[in-house]
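The values are calculated or read from the model by the stated rules, or taken from the named source; none is laboratory data. From a predicted model like this one, the values you see are computed outputs, not experimental measurements. Ideal geometry is used to build each Cβ from the backbone, glycine not excepted, and the neighbour counts take in all protein chains shown. Keep in mind that these areas ignore ligands, DNA and RNA; they rest on the heavy atoms of the full protein, side chains included. Shrake-Rupley method; radii C 1.70, N 1.55, O 1.52, S 1.80 Å.
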Amino acid sequence: MTSKDQFIANKTLAQWWASISNDDKFDQVMLHASAVAFENCPSAEQRDGVLKFKEILLTLSQPDSPTVAFSQPGLSHNLEPKSRTLKPKQNSK
């Protein structure tokens, strides 16, 4: 069971959050909160994180909404040098 499934299983909390996140006032709060975050000149990754978190908040009470996927930088942190020697083939007799 995912965290979102657990949240939705708590019907009272999920209904309360749906009433908040679907309110026009919440949209205004999110607009101002996003502006505050972006005024601090975050990096591209931080901006993406803010937008992803905003999407999570807006869709948390919706069971059919897809899971928010965070971007992957594609960096490899394997600092071990690759072996340049050939491994001997094993003879299978």
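Descriptive notes on the structure:
- Using the Cβ-Cβ distance between residue 50 and residue 89 with R0 set to 41 Å, the FRET efficiency works out to roughly 0.20.
- When each of the peptides 22-33, 47-58 is scored by the mean number of other C-beta atoms lying within 10 Å of its residues, the order from highest to lowest reads 47-58, 22-33.
- Surface composition of the range 1-59: carbon and sulfur atoms hold 59% of the protein heavy-atom accessible area at a 1.4 Å probe.
- The range 32-63 residues near the modelled residue 21 label - backbone nitrogen below 19 Å, point 7 Å along Cα→Cβ: 32-35, 48-63
- 12 Å beta-carbon shell around residue 47, net charge (K/R +1, D/E -1): -1
- The distance between label points at residue 6 and residue 40 comes to 2.7 nm (points 7 Å beyond Cα on the Cα→Cβ vector).
- If you sort 2, 12, 59 by accessible surface, 1.4 Å probe, largest first, the order is 12, 2, 59.
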